[in-house]
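What follows draws every value from the coordinates through simple rules; no lab data is involved. In this text, all values refer to a predicted model and were calculated from it rather than measured experimentally. Counting neighbours? That spans all protein chains shown, and the Cβs are built from the backbone with ideal geometry, glycine included.
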Amino acid sequence: MTIYLSIILFLPGVAGMLALLVPRRLAGWTLVTGTLLTLAYTIVMLARFKIGGGMQFVTDDNWISELGIRYHLGVDGLNLFLVILTALLWVPASIAAALREWDRPRLFMMFMGLSETAVLGAFMAQDLALFVVFFDLMLVPFYFLVGMWGGEDRVYATTKLVIYTLAGSLLMLAAAVALGVMATPAGGHISFSLATLAQHPLSGGSQYWLFILFAVAFLVKAPAFPLHGWMPDAYREAPLPVILVFSAVVSKVGVYGFLRIVLPVLPQASVHFQELMLAIAVVSILYGSILAFSQDEARLVLGYSSVAQLGFIILGIFSLDPKGGQGAVMQMINHGLVTAPLFLIIGYLAIRAQGRDSLDWMGGMALRAPVLAGVFLIVALATLAMPGSANFVGELYILFGTFQSKIVYGIVASAGVVLAAVYMIRFYQRAMHNPVGPQVESRDLALGPELGVIAPLVLVILALGVYPNFLLHRINAFAPTANDRTEVSVIK
């Protein structure tokens with residue numbers, strides 16, 4: 001069982017490397033096979049996961065013993081569904097990539113496989129140094145995926161992406177090294193184990209500046225206001241399968257880092273900067289929602305919508321309340337599940353609008369596409385957290401936790417729920433029911449490739465709306481690595 005997580009971790013990367021060796025026409029399907037096998041292993045892991053059983057499927061071996069760095073992987077109630085979400089959403093992204101013609105397809109599929117391995121590693125890592133390695137490794141495949149296969153302005157978009165994320169990663173690297181050194185007791189051996197670091201908290205002053213370095217790195221990755229400057233260009237220029245996984249999965253690594261690392265390891269700083277983080281969350285919610293309403297490019301509607309939704313997640317985390325944290329983890333899953341089909345729908349709409357994803361070129365598509373309109377409506381209603389959806393439960397938990405601790409921020413953030421309804425209904429109305437756009441082909445989803453890719457995701461959304469307790473019973477947001485004393489100090 002000790003190699004179980006390693007199999008899940010490296011399967012996509014191995015599939016990506018194998019894609020380099022097969023004929024061009026088989027490269028995409030080699031990657032798809034690898035992602036399907038990865039998903040199958042995660043489903044078995046879910047079936048064997050014991051609720052309340054703490055860290056499970058643990059792998060813990062020496063890696064760089066002189067520096068106290070260990071190859072330490074594990075799954076618990078915090079990262080279980082994030083690992084499953086990653087494995088699940090890379091499947092439709094890989095299928096969408098395999099169905100499209102690419103210049104140098106084998107290289108594209110290799111980078112897609114490596115990117116999944118990097119994201120899985122960040123979610124599984126229980127050693128801070130190992131987390132930093134995978135966190136930084138994510139930048140490499142996405143740099144090439146956007147820079148080589150993006151749109152006309154891909155060089156500019158990639159440059160901004162690299163500058164923002166590399167700066168954040170370097171700050172986090174410095175913070176991680178400093179944390180490991182300062183937390184080492186006199187005469188002791190340095191360790192980057194998250195559980196060990198949580199048991200040796202630093203003084204308040206040291207925690208404060210380390211918190212800032214980690215927060216910058218995580219807010220850039222999310223992205224959240226005001227460190228989202230790379231987002232519009234990257235979302236506009238990146239290939240659709242790439243931006244699908246980036247928005248639905250990679251963005252969660254940043255907010256996950258707050259729960260896995262910052263709160264248990266830097267509890268005093270988390271309390272000290274609580275109001276600052278809540279203010280960032282509320283501004284992100286309002287700013288993202290307003291700009292999502294004003295966009296004509298469908299990709300940017302989802303881009304700014306993600307800024308708002310990640311603001312809700314940060315709000316739940318820094319409510320420092322168990323229900324708020326539980327709702328935050330649930331919203332990470334929900335946001336990924338609705339964002340992926342929305343990006344697929346944007347791709348389908350663009351195909352029917354002469355390759356353009358501008359809302360001005362869409363309209364009237366529901367006329368002869370009832371299945372497309374119905375699928376779009378289900379996902380749109382889930383996005384705006386209609387009662388009966390898992391998103392509604394997640395946002396309810398977040399707001400409940402925030403009202404318990406900081407009622408003013410909860411009241412202001414509630415406006416984001418209304419604004420989400422406005423921009424998603426506007427998006428749906430303009431694409432489906434406005435007057436028919438210029439040169440629009442109004443045709444339904446093809447039964448094979450189009451419906452087959454998106455239907456499983458919609459079924460998962462509907463299933464979790466009916467039975468959200470499947471997630472809630474297994475999520476434990478505030479006890480991933482910290483001991484009981486640290487947990488209580490954070491929640492207070």
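Things worth noting here:
- The phi-based Karplus calculation (6.51 cos²θ - 1.76 cosθ + 1.60; θ = phi - 60°) puts the 3J(HN,Hα) values of the range 24-29 at 3, 5, 9, 4, x, 6 Hz, whole numbers, x for Gly and Pro.
- Cβ-Cβ FRET estimate between TRP209 and MET148, R0 fixed at 56 Å, reported to 0.05: 0.90
- Candidate lysines for bridging to LYS50, where Cα separation is under 27 Å - those fewer than 8 sequence places away on the same chain excluded: LYS252, LYS323
- For a paramagnetic label modelled on LEU20 (point 7 Å from Cα along Cα→Cβ), amide N atoms under 16 Å away belong, within the range 124-168, to 140-142, 144-145.
- Two-site FRET efficiency, ARG368 against ASN62, from Cβ-Cβ distance with R₀ of 35 Å, rounded to 0.05: 0.05
- Stretching the chain fully between VAL177 and ILE190 yields a gain of 3.7 nm (0.36 nm per residue, less the alpha carbon separation).
- Charge dipole (debye, nearest 20) of the chain; +1 at Cβ of Lys and Arg, -1 at Cβ of Asp and Glu: 460 debye
- The angle between the Cα long axis of helix 322-352 and the main principal axis of the chain comes to about 30°, on a 0 to 90 degree scale.
- With neighbour counts taken as other beta-carbon atoms within 10 Å, the residues GLU297, GLU152, GLU450 rank, fewest first, as GLU152, GLU297, GLU450.
- Tilt relative to the chain, helix 274-294 - C-alpha long axis, 0 to 90 degrees, to 10: 10 degrees
- Mean shadow area of the chain over all directions, Cα convex hull, nm²: 21.0 nm²
- Here the simple spin-label model places points 7 Å from the Cα toward Cβ, and for ASP360 and TYR156 these points are separated by 1.7 nm.
- Between helix 154-182 and the chain: long-axis angle, C-alpha atoms, 0 to 90°, nearest 10: 20 degrees
- Paramagnetic reach from TYR71 (point 7 Å along Cα→Cβ, amide N under 16 Å) across the range 29-62: 58-62
- Dimensionless Rg over Rh [the range 1-96; C-alpha; Kirkwood]: 1.05
- Pairwise FRET efficiency - HIS473 versus ILE425, Cβ, R0 = 35 Å, nearest 0.05: 0.60
- Ranking of ASP360, ASP127 by neighbouring Cβ atoms within 10 Å, starting from the fewest: ASP360, ASP127.
- Shown in residue order for the range 217-233 are the 3J(HN,Hα) couplings computed by the Karplus curve 6.51 cos²θ - 1.76 cosθ + 1.60 at θ = phi - 60°: 4, 6, 6, 5, 5, 4, x, 10, 5, x, 9, 9, x, 6, 5, x, 5 Hz (x for Gly and Pro).
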